[in-house]
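J.: Have a look at the structure that comes next, please.
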Amino acid sequence: MKVNFTETVLRDGNQSLAATRLPYDKFEPILKTMDKAGYYSVECWGGATFDVCLRYLNEDPWERLRKIRKAMPNTKLQMLLRGQNLLGYKHYPDDVVRKFVELSVKNGIDIIRIFDALNDPRNLQVAIEETVKQGAHAQGAISYTSSPVHTHEKFVELCREMQKMGVSSICIKDMAGIMSPKEAYDLVSALKDAVDLPIDVHTHSTPGLGFMTYLKAVEAGADIIDTAISPFSGGSSQPATETMAYVLGQYGYEMNVDQRTLKDIADFFKPIRDEYIASGTIDPVSMATDTNCLVYQIPGGMLSNLISQLKMMNAIDKLDEALIETPKVRADLGYPPLVTPTSQMVGVQAVQNVLAGQRYKNVGNEIKAYCRGEYGQTPAPIDPEIRKLILGDTPVIEGRFADTLEPMFEKTKAELAGIAKNDEDVLSYIAFPQIAERFFAWRKEQEERVVKYTIEPME
Ligand code: CO
């Protein structure tokens, strides 16, 4: 049996511990070594990297991708894509989704992991289709959660649909780190029985289950595990690469990762981690084990949001009530997986219900849009009485929300004439308009400065 490793230090490890603040120049020196480590793939793009590059690092995310591609010619580069939402939380029209996938592949991505917060296959379809069309590897992801309606049969059904759409592998994406070793073993076994595709398991170490979860997943036949090199592992990041390789090696699993090279990579990242802890970019608390999410069955990040929200409103004494209300709101809304943005929506609504002393008296716009069907089909029907309470007689969208959106790529491109240098810029703008605009202005200023410097010596 062979086990493959997807290294997450450049994306999820970086995002979960360091708020994605690693600039390209910081990790550039180790890329050549990482290229020789024997990873199945390196996750390096998508998720928050795109936003943070433009917003905080003054980096063109596309340029970052091209540089990584050049420095790592032998390794598959992987990205995370939120289906019809691309990198954000709103739906984009199909022409934008297709263009984004096309240019991601053109700029160097080999594997695109595609997920939807509600596991609605209609939100995955266009991105998967286009990935396959561009000749890349589409990995269809299940947003893992547990609820009375999230049965193995449901997950198997979703995998079969994704297989029909043309995915080359399946990922069980446990974004909250709450999948136990037993649940992983049972679910991987069920999927292995049902679909003939490689299975990748993705978890986080928040409550400390990760290593055990991966071991049991591999025993059940998982083909790929997502790990982070040790200095950027643990806590809200992934389990450590070297530790998993050590254990699986003892059990006789075949692996391509080279322990000696992994040590070099860890030695490189250790001082960076220490520097980031010293500067406050990495909060040591995020590296610790926190089992609250097991007690309350809600993701760690959501719990800390609830606490800070109640503190801000001087109502921390209502925490217990809010924690009892949260699963009720989730059930009312048809058991959405608790992942951004639904985790925030459910959490905020639970707090509102408790503080108002009356359920659904105050309802945010996101929840209203969710109830209208703008996020997709909910795992179970929304409680009809609650929906009526929230929406009144406002009609509900029955079809696919993206079908109601007008194409916008060519139109935006025309509007950006003279500002956008290429189609990649147009997509940066569509994804994050204000931030991209500011970045383009900054970039122009830099370029003009360079021109000035090169001209001056001749005067
Ligand atoms: Co993750």
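The values are calculated or read from the model by the stated rules, or taken from the named source; none is laboratory data. Because the structure is predicted, anything quoted here is derived from the model rather than measured. Every residue, glycine among them, receives a Cβ derived from its backbone with ideal geometry; neighbour counts consider all protein chains shown. Side chains are part of the model used for accessible areas, which takes the heavy atoms of the whole protein and leaves out ligands, DNA and RNA. Shrake-Rupley method; radii C 1.70, N 1.55, O 1.52, S 1.80 Å.
J.: Which count do you get for residues in segment 20-45 that are within 23 Å of Met287 (Cβ to Cβ) and either touching a Leu at 6+ places or on another chain (Cβ under 8 Å) or more than 14 Å from the ligand (Cβ to nearest atom) (or both)?
T.: Selection size over segment 20-45: 12.
J.: Let me ask something additional. May I ask you to say which residue of Ile172, Ile178 is part of a strand (DSSP E or B) and either within 16 Å of the ligand (Cβ to nearest atom) or under 24 Å from Gln344 (Cα atoms) (or both)?
T.: Within the list Ile172, Ile178, the selection yields Ile172.
J.: Let me ask something additional. Just wondering, is there one or more residues in segment 4-16 that are modelled with pLDDT of 95 or more, hydroxyl-bearing (Ser, Thr, Tyr) and within 14 Å of the ligand (Cβ to nearest atom)?
T.: yes
J.: Tell me, which helices (runs of 4 or more DSSP H) lie completely within segment 1-64 with 1 or more residues that are over 18 Å from His137 (Cβ atoms) and of a type in the set (D, E, K, R)?
T.: Helices (runs of 4 or more DSSP H) meeting the threshold: 24-27, 31-34, 49-55.
J.: Same structure, new question: What pairs come up if the first residue lies in segment 231-242 and is aromatic (Phe, Trp, Tyr), the second is away from the ligand (no atom under 15 Å from the Cβ), and their beta carbons are under 6 Å apart, counting only those six or more places apart or on different chains?
T.: Phe232/Phe269
J.: Looking only at residues in segment 345-372 that are over 23 Å from the mean Cα position of the chain (by Cα) and among the aliphatic types (A, V, I, L, M), which one is nearest to Leu391 (Cα to Cα)?
T.: Once the filter is applied, the top-ranked residue is Val363.
J.: Which residues, taken from segment 65-116, are among the hydroxyl-bearing types (Ser, Thr, Tyr) and part of a loop (DSSP other than H, G, I, E, B)?
T.: Once the filter is applied, which keeps residues that are among the hydroxyl-bearing types (Ser, Thr, Tyr) and part of a loop (DSSP other than H, G, I, E, B), segment 65-116 yields Thr75, Tyr89, Tyr92.
J.: Residue by residue through segment 331-379, note down the ones that are among the hydroxyl-bearing types (Ser, Thr, Tyr) and in contact with a helix residue (DSSP H, G or I) (Cβ under 6 Å, 6 or more places away or on another chain).
T.: Across segment 331-379, the qualifying residues are Ser343, Tyr360.
J.: Which of the residues belonging to segment 182-206 are surrounded by fewer than 23 Cβ atoms within 10 Å (Cβ to Cβ), in contact with a Cys (Cβ under 9 Å, 6 or more places away or on another chain) and assigned to a loop (DSSP other than H, G, I, E, B)?
T.: Val195, Leu197
J.: Hey, another quick one. Collect the residues in segment 207-221 that are more than 16 Å from the ligand (Cβ to nearest atom) and open to solvent by less than 10 Å² (accessible area, probe 1.4 Å), keeping them in residue-number order.
T.: Val218
Each row is one residue, and each column tells you yes or no for (1) open to solvent by 10 Å² or more (accessible area, probe 1.4 Å); (2) out of contact with any His (no Cβ under 6 Å at 6 or more places or on another chain); (3) over 26 Å from Arg438 (Cβ atoms).
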{"position": "Trp62", "(1), (2), (3)": "no, yes, no"}
{"position": "Leu65", "(1), (2), (3)": "no, yes, no"}
{"position": "Lys70", "(1), (2), (3)": "yes, yes, yes"}
{"position": "Asn74", "(1), (2), (3)": "yes, yes, yes"}
{"position": "Leu77", "(1), (2), (3)": "no, yes, yes"}
{"position": "Leu81", "(1), (2), (3)": "no, yes, no"}
{"position": "Lys90", "(1), (2), (3)": "yes, yes, no"}
{"position": "Val96", "(1), (2), (3)": "no, yes, no"}
{"position": "Lys99", "(1), (2), (3)": "yes, yes, no"}
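Conditions (1) open to solvent by less than 20 Å² (accessible area, probe 1.4 Å); (2) closer than 22 Å to Gly234 by Cβ; (3) among the charged types (D, E, K, R), marked per residue:
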| residue | (1), (2), (3) |
| --- | --- |
| Arg11 | yes, yes, yes |
| Gln15 | no, yes, no |
| Ala18 | yes, yes, no |
| Phe27 | yes, yes, no |
| Leu31 | yes, no, no |
| Ala37 | yes, yes, no |
| Tyr40 | no, yes, no |
| Cys44 | yes, yes, no |
| Phe50 | yes, no, no |
